[in-house]
1. May I ask you to derive the relative contact order of the chain, considering only C-alpha pairs under 8 Å and at least 6 residues apart, and to give it as an integer percent?
2. Can you give the local net charge around GLN154? Use residues other than it whose beta-carbon is closer than 10 angstrom to its beta-carbon, Lys and Arg +1, Asp and Glu -1.
3. How much length is gained if the chain between ASP140 and ASP186 is pulled fully straight, taking 0.36 nm per residue apart and subtracting their Cα-Cα distance, in nm to one decimal?
4. Among 109-118, 154-163, 7-16, what's the highest-first ranking by average C-beta atoms within 10 angstrom per residue?
5. Take the alpha carbon gyration tensor of segment 102-160, find the square roots of its eigenvalues, order them as a ≥ b ≥ c, and report rounded if a/c is under 1.5; if not, report prolate when a/b exceeds b/c, else oblate.
6. In a GNM of the chain with a 10 Å cut-off on Cα contacts, which of PRO145, PRO28, PRO53 has the highest mean-square fluctuation?
7. Which of rounded, prolate, oblate describes the chain, given a ≥ b ≥ c as roots of the alpha-carbon gyration tensor eigenvalues and a/c under 1.5 marking rounded, otherwise prolate only if a/b is larger than b/c?
8. Roughly how many Å² is the accessible area per residue of the chain, as a whole number, for a 1.4 Å probe?
Amino acid sequence: MTDNKRQPLGAFMDLLSAEIRSRMGNEPAREAAHQRIFGNTALEAPQASGERPQRQPACRHLPACFAELETIGGNLGKLAAALREIEPHLSWNNQSERRKSAVLAENYADSFIVGPGGFVPSGQIEIGVSVMAPHTTYPDHRHPPEELYLVLSQGEWRQNAEAWHEPGVGGVVYNPPDIVHAMRADAKPLFAIWCLPLDNTPHS
């Protein structure tokens, strides 16, 4: 992997960590999750598989997501620019049974930036990005690892049977371990980065 490909990855990781920490408040659980995710600095080098990265139908919304986010400027705009440089090397998928439903297969996709089989291999953490078409809901699900989202678009999140809420662009969502949660897009695509410390259970 050339230095040109390493540079946006390093910038992305630094900006992502700084943005989450600066926006998540002082809640101890969020801070602990941040440390478990970003305290791991021993990441492997990005992998060049030699294969053409996979794309899914929902990736048609990526240009609009990037264009709108980069107009914000500041560190969030820089984060979007770094992610845009990394994105051509990412493979997008719909591998779980849930995502093979007719609605999600057409309207949802995600990609591992860091994690098992990701652009940067890791067995300790997962960092990925999701895009979802307007007027689409990613249904209730749960997983043992806790999770931090950095929200990059309009969209709503819910935990358990609580009301839907919109974190706003730059908002941080913290999902405690094994909590039931969901997200949905309104009139614009939903775009978000998710981060998990692993306990040998894949993101779902």
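The values are calculated or read from the model by the stated rules, or taken from the named source; none is laboratory data. Since the structure is predicted, the reported quantities are computational estimates derived from the model, not experimental observations. Cβ atoms come from the backbone with ideal geometry, glycine included; neighbour counts cover every protein chain shown. Just so you know, the surface numbers come from the protein's heavy atoms only, side chains and all, with ligands and any DNA or RNA stripped out. Shrake-Rupley method; radii C 1.70, N 1.55, O 1.52, S 1.80 Å.
1. Working: 414 pairs, mean separation 44.6, N = 204.
Once normalised by length, the contact order is 22 percent.
2. Working: positive: LYS188; negative: GLU68, GLU156, GLU166, ASP186.
Computed value for this residue: -3.
3. Values: separation 46, 0.36 × 46 = 16.56 nm, distance 1.68 nm.
Extending this stretch completely gives an extra 14.9 nm.
4. Going by the mean number of other Cβ atoms within 10 Å, highest first, we get 109-118, 7-16, 154-163.
5. Details: a/c = 1.87, a/b = 1.46, b/c = 1.28.
Verdict is prolate for segment 102-160.
6. PRO28
7. Numbers: a/c = 1.24, a/b = 1.11, b/c = 1.12.
The shape class here is rounded.
8. On the way: 9370 Å² over 204 residues.
So the chain comes to 46 Å² accessible per residue, rounded to a whole number.
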